[in-house]
Amino acid sequence: MGEASTVAPVPSLRAAQLLASSQPVRIVCFGDSVTGVYYHTGGRRAWCDLVGLALQRLYPGARVEMVNAGVSGNSTADGLRRMDTDVLGHHPQLVVAMFGLNDVTRVSPEDFRANLRQIVQRSRQVGAEVILMTPNFVGAGDPVRLPTKAADYAQITREVGREMNVPVTDTFRAFEAIQARDHHAWIGMMSDAIHPNMRGHKLLAEEVVSTLTSRRVSLAEL
């Protein structure tokens, strides 16, 4: 559905090798209301679940467990306070972290950068690999989450990825490309100015799977 949008050379992830060899893989999706299961997608599933479904398609023998650790309203600062229990306590092989849309309202760029580094470091300390996700592109309907500011926090995410040799799923650019090409198509992927609907979550999942496996999968018919 979307365009390939990972940034910089993507480090090879051991989690993909485990999936291919049918070994158990636990993936924790860590973030805010865009990650959690809320009304924006119908209250049943979100991109985290869709990643698991897509991986099962690519690797029919995969033994993958998806854990959704998304909490509405969370910034990176909030996430760090619950990381031991909600993320590391699950002993994941891979942590996929998507923050930014709440950080823009109350976490400085410097602290956001430092918090992302902590998320990577603490995950690695327990042997987990990490994928960082940029926040998705937002519209102009939210007065405190301006598109330009969200773009700045997306850029910080890319920079931390390059600095720490962590793959980045650039969902900001994936959504931005659709908005630039067909504004109505982008509107059709959003629940409101900042939250993707289920169509948008399919795109999020497709982009994460591309980052993890270097393979494209379509969830359009799901």
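The values are calculated or read from the model by the stated rules, or taken from the named source; none is laboratory data. Bear in mind the structure is a predicted one, so any value in this text is a computation, not a measurement. All Cβ positions, even for glycine, are placed from backbone atoms using ideal geometry, and neighbour counts span all protein chains on display. Just the protein is used for accessible areas: all its heavy atoms, side chains included, with ligands, DNA and RNA removed. Shrake-Rupley method; radii C 1.70, N 1.55, O 1.52, S 1.80 Å.
Below is a table of values for the structure above.
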{"item": "Single condition residue 25 does not satisfy, out of (1) surrounded by fewer than 18 Cβ atoms within 10 Å (Cβ to Cβ); (2) in contact (Cβ under 8 Å) with a residue 24 or more places away in the chain; (3) over 22 Å from residue 114 (Cβ atoms)", "result": "(1)"}
{"item": "Residue pairs meeting the criteria (Cβ under 7 Å; at least 6 apart or on separate chains; first touching a residue at least 12 places away in the same chain (Cβ under 8 Å), in the range 30-43; second surrounded by 19 or more Cβ atoms within 10 Å (Cβ to Cβ) and among the β-branched types (Val, Ile, Thr))", "result": "30/87; 30/95; 30/96"}
{"item": "Residue in the range 115-137 that is modelled with pLDDT under 95 and closer than 12 Å to residue 153 by Cα present", "result": "yes"}
{"item": "Residues located in the range 32-58, provided they are open to solvent by 50 Å² or more (accessible area, probe 1.4 Å) and either part of a loop (DSSP other than H, G, I, E, B) or among the charged types (D, E, K, R) (or both)", "result": "37, 38, 42, 44, 45, 49, 57"}
{"item": "Leading residue by the ranking (farthest from residue 110 (Cα to Cα)) among those in the range 151-185 that are open to solvent by 10 Å² or more (accessible area, probe 1.4 Å) and of a type in the set (Gly, Ala, Ser)", "result": "185"}
{"item": "Selected residue [among the hydrophobic types (A, V, I, L, M, F, W, C), farther than 22 Å from residue 76 by Cβ and in contact with a strand residue (DSSP E or B) (Cβ under 7 Å, 6 or more places away or on another chain)] from 190, 198", "result": "190"}
{"item": "Residue within the range 180-194 that is in a helix (DSSP H, G or I) and either closer than 20 Å to residue 152 by Cα or in contact with a Ser or Thr (Cβ under 8 Å, 6 or more places away or on another chain) (or both) present", "result": "yes"}
{"item": "Yes/no for residue 160 being at pLDDT below 95, under 24 Å from residue 205 (Cα atoms) and among the hydrophobic types (A, V, I, L, M, F, W, C)", "result": "no"}
{"item": "Odd one out for residue 171 among (1) within 15 Å of residue 147 (Cα to Cα); (2) at pLDDT below 95", "result": "(2)"}
{"item": "Listing of helices (runs of 4 or more DSSP H) fully contained in the range 59-150 that carry 1 or more residues being closer than 23 Å to residue 205 by Cβ, touching a strand residue (DSSP E or B) at 6+ places or on another chain (Cβ under 7 Å) and not hydroxyl-bearing (Ser, Thr, Tyr)", "result": "76-86, 109-125"}
{"item": "Residues that are hydroxyl-bearing (Ser, Thr, Tyr) and within 21 Å of residue 210 (Cβ to Cβ), drawn from the range 150-199", "result": "157, 169, 171"}
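Each row is one residue, and each column tells you yes or no for (1) of a type in the set (Asp, Glu); (2) under 19 Å from residue 161 (Cα atoms); (3) modelled with pLDDT of 95 or more.
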{"site": "24", "(1), (2), (3)": "no, no, yes"}
{"site": "30", "(1), (2), (3)": "no, yes, yes"}
{"site": "47", "(1), (2), (3)": "no, no, yes"}
{"site": "55", "(1), (2), (3)": "no, no, yes"}
{"site": "66", "(1), (2), (3)": "no, no, yes"}
{"site": "90", "(1), (2), (3)": "no, no, yes"}
{"site": "103", "(1), (2), (3)": "yes, yes, yes"}
{"site": "109", "(1), (2), (3)": "no, yes, yes"}
